[in-house]
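Engineer: Sharing a structure, written as structure tokens. Questions coming.
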Amino acid sequence: MSKWLDTGKIDFYLNVIHPAIPFYPEMLDQMISLIGPLGKKSFRFVDLGAGNGPITQKVLDEFPDSTGTLLDFNPEMVRFLNEQFGNRDTITIQNQKIEEWDPTPCDVVVSGLAIHHLTDEDKQECYQKIFSALTPPGLFLNLDLVTLNGFLIQELSHQDFLDRVYSKAVEKDETMDRQSFQKLSDKYIDIHEDTLTDLDTQLHWLRTLGFQQVDVFFKYYKFALFGGFKLP
Ligand SMILES: C[S@@+](CC[C@H](N)C(=O)[O-])C[C@H]1O[C@@H](n2cnc3c(N)ncnc32)[C@H](O)[C@@H]1O
């Protein structure tokens with residue numbers, strides 16, 4: 001069973017791991033800035049691997065009349081999504097795998113820290129579906145984990161993140177020492193569940209599909225915000 005289906009992990013993820021993601025709020029601000037040039041006050045968006053909905057929340061804070069489809073394969077996350085957005089008739093929540101997403105026309109596709117769970121083949125298929133679904137001018141933004149160019153920088157990045165998670169864990173429980181943290185991180189931070197792909201390859205896939213102005217809009221070690229436009 002995937003650890004994403006284990007509620008202990010969800011608790012640790014929401015309270016300790018997620019708040020430790022470096023520059024997450026800045027990356028969400030950047031997403032909003034990039035939506036601006038589309039010139040639409042409201043639009044149809046899709047949030048792939050929506051989790052408990054932080055990206056959707058940000059989009060709706062800035063563009064409250066937008067219509068969203070939120071997709072996640074984890075029933076616990078879908079429960080959070082229903083609690084938070086279930087009473088809005090402009091929001092559709094789907095308990096589904098990204099790999100099985102059946103796209104309908106939309107203006108913006110966002111995804112946060114989810115597509116890296118897909119194999120390279122499924123990532124490419126997902127990007128193809130996104131490109132086909134977007135109505136120009138449309139935008140795809142993926143805030144995700146990527147591989148880095150070499151094990152030294154890879155290790156530095158992972159250690160930097162573990163230190164940030166440890167600081168958050170101590171904020172939540174000041175009795176937490178390195179030894180107990182090690183046990184928790186061994187249990188809940190499993191980098192082997194990830195199937196990361198390097199940025200250059202993913203940018204190349206996007207350009208080949210026809211995305212324009214493909215770029216990396218924010219990057220800190222293995223955390224990257226990248227994507228592109230589908231222009232008329
Ligand atoms: C790290 S969380 C990020 C959630 C949210 N997007 C955010 O930025 O905080 C990744 C989410 O992707 C979902 N996920 C992972 N693999 C998935 C897949 N193959 N299909 C659908 N959802 C998936 C997980 O259930 C989880 O809710």
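The values are calculated or read from the model by the stated rules, or taken from the named source; none is laboratory data. Not measured: the values here are computed from a predicted model. With ideal geometry, Cβ positions are generated from the backbone for all residues, glycine too; neighbour counts draw on all protein chains shown.
Engineer: Among the listed residues Thr195, Thr135, Thr147, Thr175, which satisfies the condition of being within 13 Å of the ligand (Cβ to nearest atom) and either touching a helix residue (DSSP H, G or I) at 6+ places or on another chain (Cβ under 7 Å) or on the phi < 0 side of the Ramachandran plot (or both)?
Structural biologist: That would be Thr195, the only listed residue that is within 13 Å of the ligand (Cβ to nearest atom) and either touching a helix residue (DSSP H, G or I) at 6+ places or on another chain (Cβ under 7 Å) or on the phi < 0 side of the Ramachandran plot (or both).
Engineer: I would also like to ask the following. Would you call Ile115 surrounded by 20 or more Cβ atoms within 10 Å (Cβ to Cβ) and over 25 Å from Thr208 (Cβ atoms)?
Structural biologist: It is false that Ile115 is surrounded by 20 or more Cβ atoms within 10 Å (Cβ to Cβ) and over 25 Å from Thr208 (Cβ atoms).
Engineer: Of all residues in segment 92-128, which are of a type in the set (D, E, K, R), assigned to a helix (DSSP H, G or I) and within 9 Å of the ligand (Cβ to nearest atom)?
Structural biologist: Glu99, Glu100, Asp122, listed by residue number.
Engineer: Only one of (1) within 13 Å of the ligand (Cβ to nearest atom); (2) touching a residue at least 60 places away in the same chain (Cβ under 8 Å); (3) surrounded by fewer than 21 Cβ atoms within 10 Å (Cβ to Cβ) fails for Leu14. Which number is that?
Structural biologist: So Leu14 meets the others, but not (2).
Engineer: Could you tell me which of the residues Pro19, Pro25 is under 27 Å from Tyr220 (Cβ atoms), out of contact with any helix residue (DSSP H, G or I) (no Cβ under 8 Å at 6 or more places or on another chain) and more than 8 Å from the ligand (Cβ to nearest atom)?
Structural biologist: Selected residue: Pro25, the only one of Pro19, Pro25 that is under 27 Å from Tyr220 (Cβ atoms), out of contact with any helix residue (DSSP H, G or I) (no Cβ under 8 Å at 6 or more places or on another chain) and more than 8 Å from the ligand (Cβ to nearest atom).
Engineer: Identify, from the list Leu152, Leu141, the residue that is within 16 Å of the ligand (Cβ to nearest atom) and not in a loop (DSSP other than H, G, I, E, B).
Structural biologist: Unique residue meeting the criteria: Leu141.
Engineer: Against the condition in a helix (DSSP H, G or I) and acidic (Asp, Glu), how does Asp61 come out, does it pass?
Structural biologist: Yes.
Engineer: May I pose another question? Could you tell me how many of the residues in segment 35-51 are part of a helix (DSSP H, G or I) and either surrounded by fewer than 20 Cβ atoms within 10 Å (Cβ to Cβ) or of a type in the set (Asp, Glu) (or both)?
Structural biologist: Total meeting the criteria: 3.
Engineer: Just name the residue that is modelled with the lowest pLDDT out of those in segment 173-199 that are within 30 Å of Ala133 (Cα to Cα) and surrounded by 12 or more Cβ atoms within 10 Å (Cβ to Cβ).
Structural biologist: Only one residue fits best here, namely Asp194.
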